[in-house]
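The values are calculated or read from the model by the stated rules, or taken from the named source; none is laboratory data. Given the structure is predicted, the values throughout are model-derived calculations rather than measurements. Glycine also receives a Cβ, built like all others from the backbone with ideal geometry; neighbour counts cover every protein chain displayed.
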Amino acid sequence: MTMTIKKMGLISAVALASFLFSESVMAAGSISGKATFVFPGGKKPGRKKIQMAADPVCASKHTEPALSEVVVVDDAGGLQNVFVHLSKGVKGTFAMPDGPATLDQRGCVYVPHVLGVRAGQDIVVLNSDGTLHNIHPKPSVNDEFNLAMPKFLKKKTVSFAKAETMVPVKCDVHPWMQSYVGVLDHPFFSVSAENGSFTLKDVPAGTYTVQAWHERLGSLTQEVTVKDGEAAAASFSFAIPSK
């Protein structure tokens, strides 16, 4: 009987802990919104064609001209490739992701153009093109490296040890290739989708500074208060910076 009671007590304790854990996860809130771009003169900006003729292998990867990803806007003004993250107010430590992030060299462009990772998280760099590439980050906080990837080297794993936003990444072989990596010590970040939307998930209750970064249009910030189990809103409207 004593053993049965002890077992029941253990089961109850485990069940209670599981319940409390699930409640804490469910109680976390979120921050959702949209990044937009105010068209100069009301005219949607076009995307420049990338000239790849210098490398026939690169040119052969595209049936239509590849287009610049510096400013990508939909018809409603939604701005893609904005890195949105909590820049102030985050407390505590957080578990690392289960697996690595991926940065592909595909069609002689970096995919994705903007990537978010955790400090210390593995980044699997792929070479899907069958031509020489190299990945050359230019960090200001982390260690710089220059990794050659000949056509026979299809995969390499790298990482950034310290938080840093943003790390520009380029290919010295193909000067049009550019991407950016946001390295954070917490999981509350997102990259805006084709329509400019973003969501930061499982954010603990509290007041935070949310920063939205764009490579050409600069950074915007907004203070947001998150309540347990609720979705907070944050929206960012970018314009061409004044000279």
Give the residue, chosen from Thr165, Thr157, that is more than 27 Å from Gln211 (Cα to Cα) and of a type in the set (Val, Ile, Thr). Thr157
Only listed residue being outside the structural domain of Met52 (by TED's automatic domain parsing) and either touching a residue at least 12 places away in the same chain (Cβ under 8 Å) or among the polar types (S, T, N, Q) (or both), chosen from Asn127, Asn195: Asn127
Extreme residue, nearest to the chain's Cα centre (by Cα), among residues of the stretch 163-182 that are among the hydrophobic types (A, V, I, L, M, F, W, C) and closer than 12 Å to Cys108 by Cα: Met177
Which of (1) under 23 Å from Thr93 (Cβ atoms); (2) buried (at least 20 other Cβ atoms within 10 Å of the Cβ); (3) polar (S, T, N, Q) is the odd one out, the single condition Thr165 does not satisfy? (2)
Pairs where the first residue, in the stretch 144-170, is farther than 13 Å from Val125 by Cβ and touching a residue at least 40 places away in the same chain (Cβ under 8 Å) and the second is assigned to a strand (DSSP E or B) and of a type in the set (Gly, Ala, Ser), C-beta under 7 Å, 6+ apart: Thr165/Gly182; Met166/Gly182
Which residue, of Ala35, Ala76, Ala59, is surrounded by 10 or more Cβ atoms within 10 Å (Cβ to Cβ), at pLDDT 90 or above, out of contact with any Gly (no Cβ under 9 Å at 6 or more places or on another chain) and assigned by TED's automatic domain parsing to the domain that holds Ala205? Ala59
Scan of the stretch 201-243 for residues that are closer than 30 Å to Ser68 by Cβ and among the polar types (S, T, N, Q), ordered by number: Gln211, Ser219, Thr221, Gln222, Ser235, Ser237, Ser242
Sort out which residues of the stretch 79-101 are within 17 Å of the chain's Cα centre (by Cα) and surrounded by 15 or more Cβ atoms within 10 Å (Cβ to Cβ), and write them in order of number. Leu79, Gln80, Asn81, Val82, Phe83, Val84, His85, Leu86, Ser87, Pro100, Ala101
